[in-house]
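The values are calculated or read from the model by the stated rules, or taken from the named source; none is laboratory data. What you are looking at is a predicted structure, and each value in this text was computed from that prediction instead of being measured. For neighbour counting, all protein chains shown are included, and Cβ atoms are generated from backbone atoms with ideal geometry for every residue, glycine included.
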Amino acid sequence: MARTNALAVAVELATRQRDEARRVLQDALGAQQAAQEQLQVLNNYAQETENRWGVRAEVQRAPEVLFHHYQFMGRLQHAAGLQSGVVGDHAARVDHARHKCLEAEVRLASLQKLLDKRRLEAEQAHWRREQKQTDERAAQQHLRTHSGH
């Protein structure tokens, strides 16, 4: 019985670890989604800015204005590149969290299966003991009944 109790404690701990792994995975997915949305905002802004400048292509601009525009677009593209790296980092975190979550699920399932097996064995042993006691009482009753003749 002590083994079953220790196993039940292990299952409880594994359940908490699995729940924590799920929470970490959800957090990682949320962070990845936020990073992806930020990248999309940067890309959309860059595209809108280029479109605005493209529509006015016939307008003469001072070289300084063009220089600042190209410099700004370069910085915007650089920011988008950095954000792409952030998205990649988050993707790696999500993969790692998924792996840890899967490991926790497998561990919990294994422990639960072992606990169920131990409980079944204990129940079967209990029923065998009861059956043996019933058989012994029946045999004693039979002896008393037949020895009284």
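A few points about this structure:
- Flag if His126 is within 24 Å of the chain's Cα centre (by Cα) and either outside any helix (DSSP H, G or I) or not charged (D, E, K, R) (or both): no
- The single condition among (1) part of a helix (DSSP H, G or I); (2) surrounded by 11 or more Cβ atoms within 10 Å (Cβ to Cβ); (3) at pLDDT below 95 that Asp135 does not satisfy is (2).
- Within region 94-135, tally of residues that are touching a residue at least 24 places away in the same chain (Cβ under 8 Å) and among the acidic types (Asp, Glu): 2
- Residue tally, condition without any contact (Cβ under 8 Å) to a residue 60 or more places away in the chain and closer than 9 Å to Val87 by Cα, over region 19-33: 1
- Per-region count, region 18-57, residues modelled with pLDDT of 95 or more, surrounded by 15 or more Cβ atoms within 10 Å (Cβ to Cβ) and either within 20 Å of Leu108 (Cβ to Cβ) or among the small types (Gly, Ala, Ser) (or both): 8
- Selection status of Ala91, part of a helix (DSSP H, G or I), without any contact (Cβ under 8 Å) to a residue 24 or more places away in the chain and surrounded by 12 or more Cβ atoms within 10 Å (Cβ to Cβ): no
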